[in-house]
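Down below is the structure, laid out as structure tokens.
The values are calculated or read from the model by the stated rules, or taken from the named source; none is laboratory data. All figures in this text were calculated on a predicted structure; none of them were measured in a lab. Cβ placement follows ideal geometry from the backbone for every residue including glycine, while neighbour counts extend to all protein chains displayed. Ligands, DNA and RNA are stripped out before the accessible areas are found, and what is left, the full protein with its side chains, is counted by its heavy atoms. Shrake-Rupley method; radii C 1.70, N 1.55, O 1.52, S 1.80 Å.
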Amino acid sequence: MNPSRFALVLAASTALLSTLAVPLTAQETGSAPGLPRWESGHSIAVGDETVQYDAVVSGITLTDDAGDPAAELWYTAYFRNNGAPTRDRPLVFAFNGGPGSASFWLHMGIMGPRRVVTPDVGPQGAPPYPLEDNAYTILDIADIVMVDPIGTGFSRTLGDTPGSDYWGIDEDARSLTQFIRRFLSEHERWNSPRYLLGESYGTTRAAVLARHLQGANIDLNGIVLVSAVLQFNTIQFAPGDDLPYIVNLPSYAITARYLDALPGPNPPDLEAFMAEVEAWSLTEYATALLAGGTLDPDIRTRVIEQMHRYTGLSHDFIEKSDLRVTAPAFEAELLRDQGRIVGRLDARFTGPAGDVLGARPSHDPQSTAISSAYTSAFNSYVRDELGYDGDREYVPSGGTRNWNWGRLGGGGAFVRGGGTPNVAPDLATAMKRNPSLEVLLINGIYDLATPYFAAVWTMDRMGLPPELRDNIERADFAAGHMMYVEQSLLPQWKEVLDRFILRTAGGAKPVSE
């Protein structure tokens with residue numbers, strides 16, 4: 001983007017400048033009719049340098065197969081305007097998951113230049129919620145585009161276009177492919193290093209989107225998978241499927257360790273404990289489950305005892321569960337004698353049980369602790385600091401219905417209406433077709449929604465040759481699904497992301513003027 005197109009002139013300052021934002025008309029910007037844009041200039045201190053940047057809130061009109069307007073996909077973008085030329089800066093397209101969640105979680109937690117401050121573990125309480133400059137944003141090395149897929153944020157379908165045209169695994173990826181293609185043209189960024197960063201279902205989206213982008217002759221430099229789920233049977237606990245119990249058990253163990261719920265002394269070395277439970281899960285535990293009703297009674301007794309020592313669950317509960325404990329059952333049972341439940345998104349969060357006899361938690365303590373803060377902070381920020389004064393309400397989640405979990409054919413393993421979604425083959429295909437594509441897998445080890453070992457197990461079984469397996473980097477965080485909620489881990493996030501982007505983009509860090 002050429003900074004001379006902006007309506008604001010930046011003053012040299014290390015303070016955030018957000019007192020004025022100017023909505024420009026479609027004629028002034030060349031955008032599709034009816035999509036104004038709000039542009040504002042700011043600056044922030046990141047490390048030892050001042051980053052001057054322009055913020056843009058706008059949208060791109062998507063068309064149907066006949067070329068008629070069908071939807072508006074909105075975004076908030078941040079472009080650094082001091083330092084290296086625009087075309088040389090990496091460009092990161094970031095989105096959350098759901099499916100049906102807007103990007104405000106990543107936006108206000110870590111990606112944007114401003115972030116909401118929440119307690120590391122515990123409820124935030126009532127507003128006002130503090131906002132602060134995010135010294136750990138990657139805006140110093142990359143431009144950022146926070147994307148809200150159709151049905152989330154300000155994005156919506158037009159006219160009689162049904163939401164079902166966009167609400168599905170491949171439907172979603174096709175719409176974002178069209179969005180990215182048009183964004184690159186509108187902002188003259190076709191030769192910039194390109195990245196996808198997705199969280200939760202956003203990792204599913206990123207894997208499929210990478211393959212769709214290749215179909216449009218758009219290769220990527222890197223993909224960042226935050227709290228990943230690619231193979232959905234690893235988290236679904238379907239009847240007759242033993243895999244999810246095997247790959248979830250390590251998360252139960254380290255959660256029980258964190259909450260001091262193990263029957264004996266806590267293992268002092270977390271990494272060694274993780275490796276021990278992972279190995280046992282894939283061997284003795286997996287063999288016991290696969291044996292089913294033929295399992296030797298003495299071996300069964302030994303497995304129950306080991307599960308008790310690893311998880312803190314009672315022998316009786318494990319026995320009655322037939323050695324198979326779902327994540328919701330674990331969350332409800334572990335602290336039942338204390339009248340508390342364990343968080344799904346972040347197991348370090350606990351809360352009072354709505355029903356002390358319930359088979360599953362009544363709510364997620366982590367979600368209820370921070371949702372109001374993130375929702376309120378973003379709505380305040382986009383209006384007060386970025387200047388958005390449109391009449392559309394921001395949809396944080398729930399704007400999509402009847403998601404199509406089938407496949408439309410192509411690089412995926414399933415066809416429409418068949419099987420459990422598994423998009424790992426899409427990612428493997430993208431990596432094989434573009435051997436330069438690198439992947440960063442970021443795990444929160446206390447995440448019970450998308451457990452870390454399920455993601456690792458999936459990535460280890462994508463059928464990649466050794467040289468492409470080396471293109472996958474793993475980073476574990478001592479937090480949950482949204483590891484950026486933990487203030488003390490923000491430097492780790494910055495270090496991991498900076499290193500990944502600078503290495504895969506050629507290593508040229510922008511220098512401030």
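Of everything listed in (1) surrounded by 16 or more Cβ atoms within 10 Å (Cβ to Cβ); (2) outside any loop (DSSP other than H, G, I, E, B); (3) out of contact with any Gly (no Cβ under 6 Å at 6 or more places or on another chain), the single unmet condition for Arg344 is (2). It is to be established whether one or more residues within the range 221-236 are surrounded by fewer than 17 Cβ atoms within 10 Å (Cβ to Cβ), farther than 30 Å from Pro435 by Cβ and more than 26 Å from the chain's Cα centre (by Cα). No: the range 221-236 contains no residue that is surrounded by fewer than 17 Cβ atoms within 10 Å (Cβ to Cβ), farther than 30 Å from Pro435 by Cβ and more than 26 Å from the chain's Cα centre (by Cα). Looking across the range 316-328 at every residue that is free of Cβ contacts under 8 Å to residues at least 24 places away in the same chain and not in a loop (DSSP other than H, G, I, E, B), the one that is surrounded by the most Cβ atoms within 10 Å (Cβ to Cβ) is identified as Ile318. Just a yes or no: is a residue in the range 149-157 hydrophobic (A, V, I, L, M, F, W, C) and in a strand (DSSP E or B)? Taking every residue of the range 149-157 in turn, none turns out to be hydrophobic (A, V, I, L, M, F, W, C) and in a strand (DSSP E or B).
The condition of being under 19 Å from the mean Cα position of the chain (by Cα), farther than 30 Å from Pro365 by Cα, at pLDDT 95 or above and assigned to a helix (DSSP H, G or I) holds for only one of Leu184, Leu176, that being Leu176.
Condition (residue is closer than 19 Å to Val247 by Cβ and loosely packed, with under 12 Cβ neighbours inside 10 Å) applied to the range 292-315: is it met by at least one residue? Yes, because at least one residue in the range 292-315 is closer than 19 Å to Val247 by Cβ and loosely packed, with under 12 Cβ neighbours inside 10 Å. Scoring Ile141 on the criteria (1) in a loop (DSSP other than H, G, I, E, B); (2) hydrophobic (A, V, I, L, M, F, W, C); (3) open to solvent by 10 Å² or more (accessible area, probe 1.4 Å) leaves a single failure, condition (3). Only residues that are open to solvent by less than 20 Å² (accessible area, probe 1.4 Å), of a type outside the set (Val, Ile, Thr) and within 21 Å of Met462 (Cβ to Cβ) were counted in the range 237-250, giving 3. With the structure loaded, tell me whether Val117 is among the aliphatic types (A, V, I, L, M), surrounded by fewer than 18 Cβ atoms within 10 Å (Cβ to Cβ) and in contact (Cβ under 8 Å) with a residue 40 or more places away in the chain or whether it fails that test. The answer is yes for Val117. A Cβ distance below 6 Å, combined with a sequence gap of six or more or placement on separate chains, defines the contacts here; from the range 153-175, residues that are under 12 Å from Gly100 (Cβ atoms) and open to solvent by 10 Å² or more (accessible area, probe 1.4 Å) reach residues that are of a type in the set (S, T, N, Q) and in a helix (DSSP H, G or I) in the pairs Tyr166/Ser175.
Total residues in the range 347-397 satisfying the condition of being open to solvent by less than 20 Å² (accessible area, probe 1.4 Å), under 29 Å from Leu249 (Cβ atoms), part of a loop (DSSP other than H, G, I, E, B) and aliphatic (A, V, I, L, M): the figure is 1.
Of all residues in the range 291-312, those being hydrophobic (A, V, I, L, M, F, W, C) and touching a residue at least 40 places away in the same chain (Cβ under 8 Å) number 1.
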